[in-house]
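Student: Below are the structure tokens for one structure; questions will follow.
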């Protein structure tokens with residue numbers, strides 16, 4: 001099992017314990033925790049670039065008018 005998978009499983013367990021009856025909050029906090037792990041140790045500039053790149057990757061495709 002890779003280090004990333006172990007970290008993700010640990011985060012998921014912690015979040016499930018923190019919000020045992022609210023799946024929506026679990027999902028929001030898990031996403032936040034993963035982003036925190038992915039940007040750990042980055043400078044503020046690199047974090048901003050990272051979020052901009054992610055936003056571009058996740059944006060829906062533009063539909064021609």
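The values are calculated or read from the model by the stated rules, or taken from the named source; none is laboratory data. Given the structure is predicted, the values throughout are model-derived calculations rather than measurements. Here the Cβ is made from the backbone with ideal geometry for all residues, glycine too, and neighbour counts use every protein chain on show.
Student: Only residues that are modelled with pLDDT of 90 or more and farther than 27 Å from residue 19 by Cβ: list them for the range 43-65, please.
Tutor: 43, 44, 45, 46, 48, 49, 52, 53
Student: Would you check if residue 12 is in contact with a helix residue (DSSP H, G or I) (Cβ under 9 Å, 6 or more places away or on another chain), at pLDDT 95 or above and part of a helix (DSSP H, G or I)?
Tutor: no
Student: Restricting to the range 16-36, name every residue that is surrounded by 14 or more Cβ atoms within 10 Å (Cβ to Cβ) and either in contact (Cβ under 8 Å) with a residue 60 or more places away in the chain or within 13 Å of the chain's Cα centre (by Cα) (or both).
Tutor: 26, 29, 30, 33, 34, 35, listed by residue number.
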